[in-house]
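Read the structure below first, then the notes.
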Amino acid sequence: MGLEEELCCVERNNINNKGGRAWKEERGKRKEERGKRREKMENSSQESQLRSENCISYESAYPIYGMAFSPQSQRVALGSFIEEYTNRVDILSFQPESLSLTPHPSLSFDHPYPPTKLMFHPRKPHLLATSGDYLRLWELRDSSVDALSLFNNSKTSEFCAPLTSFDWNHIDHNRIGTSSIDTTCTIWDIERAIVETQLIAHDKEVYDIAWGEARVFASVSADASVRIFDLRDKEHSTIIYESPHPDTPLLRLAWNKQDLRYMATILMDSNKVVILDIRSPTTPVAQLERHRGSVNAISWAPHSSTHICSAGDDSQALIWEFPTLSSPTSIDPICMYSAPSEINQLQWSSSHPDWIAIAFANKIQLLKV
């Protein structure tokens, strides 16, 4: 006997035992309550969907991976992902009032290999850094782009270890930290164009790096660990987290700039976002598991300590809120957006914190949240 048949039997017994009128009244109340719950769920679902009318789209001539908002202007930088030596970086103007993205062909330039990351100077919107074979610094003029610096720490070899990522120090703007497949993290003084320090950070390839304070950074690696380094004590590091799957690399790291106690990381081929509290090493305070495919990108809100966005192969961009981290297994996203295909990249604008950018295939979309 199925559940519906069992319920029907119970209801018939109620009619016989308590009288048809009483049962009908009770059934009517339950139906009304179910209707109210259904209406509430539908309204909640509508509110959680980011509306398409608050979306700006731009289509490029090539696949997009690198992406960056300027923190001091209305510029967006895009980097191509072409499996050839010559790639491209494009500069767009973002106009939130008119909901438009306008390319500037005079500010587009060739880039050796696909840029693994793009990032504007925290205070000077005309300076753009890129990583790939080397760390490079570019100056964006009114109608042209100048290559200012190429940072190369390999003095004895014609070969270089590719850079997987970098981060611009948001406190000391002369510092940029890079991560490389050669297991090292390198801290550059970009004003003097010299290496401040280079550390063997992990046992395997280093895939991402993030600054927390002026002299403190963290990194993630193919050795499945998150490690924190202090430039005042270069001989030691602190392992904050090690994946229970030691053969599964950690790919991305995001440090919560509004609350430096928290950081987030993602694993290769995993639908989880792992939230860490540096005061409680080794054990995640939360694991966000609502994606239906691998997570590719994460970004903390630049204006809030309790919000983070994630995006992945399930074509979903999800926004999460942490009113408390005391219930790490029961966190659901508060907003979601479905893209036409797998999302490769995600950025949350610090100059316009109500806008998030996602990249998929050869398109980007800016979403108002």
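The values are calculated or read from the model by the stated rules, or taken from the named source; none is laboratory data. The structure displayed is predicted, hence computed values, not measured ones. Note that each Cβ is placed from the backbone with ideal geometry, even for glycine, and that neighbours are counted across all protein chains shown.
Among residues of the stretch 350-363 that are at positive phi, those with a Cβ under 6 angstrom from a residue that is polar (S, T, N, Q) and part of a loop (DSSP other than H, G, I, E, B), sequence gap 6+ or separate chain, pair up as A361/S341.
Of the listed requirements (1) crowded, with 21+ Cβ neighbours inside 10 Å; (2) more than 23 Å from the chain's Cα centre (by Cα); (3) outside any strand (DSSP E or B), W188 misses just one: (3). Could you please tell me which pairs satisfy a Cβ distance under 9 Å, a separation of 6+ or placement on different chains, a first residue in the stretch 235-257 that is farther than 10 Å from S225 by Cβ and without any contact (Cβ under 8 Å) to a residue 24 or more places away in the chain, and a second residue that is among the aromatic types (F, W, Y) and buried (at least 20 other Cβ atoms within 10 Å of the Cβ)? Pairs found: H236/F229.
Output the residues belonging to the stretch 52-64 that are surrounded by fewer than 21 Cβ atoms within 10 Å (Cβ to Cβ) and of a type outside the set (S, T, N, Q). Please lay out each step first, then the result.
Going residue by residue through the stretch 52-64, those that are surrounded by fewer than 21 Cβ atoms within 10 Å (Cβ to Cβ) are 52-57, 59-63.
The answer is E53, C55, I56, E59, A61, Y62, P63.
Taken over the stretch 105-143, the criterion of being buried (at least 19 other Cβ atoms within 10 Å of the Cβ) and farther than 21 Å from L163 by Cα is satisfied by L107, L140.
Residue-level analysis places V89 outside the set of residues that are of a type in the set (V, I, T), farther than 30 Å from D182 by Cα, modelled with pLDDT of 95 or more and not in a loop (DSSP other than H, G, I, E, B). Just one of (1) buried (at least 17 other Cβ atoms within 10 Å of the Cβ); (2) in contact (Cβ under 8 Å) with a residue 60 or more places away in the chain fails for N296. It is (2). Here S280, S304 are screened, and the one residue that is in a loop (DSSP other than H, G, I, E, B), under 16 Å from the mean Cα position of the chain (by Cα) and surrounded by fewer than 21 Cβ atoms within 10 Å (Cβ to Cβ) is S304.
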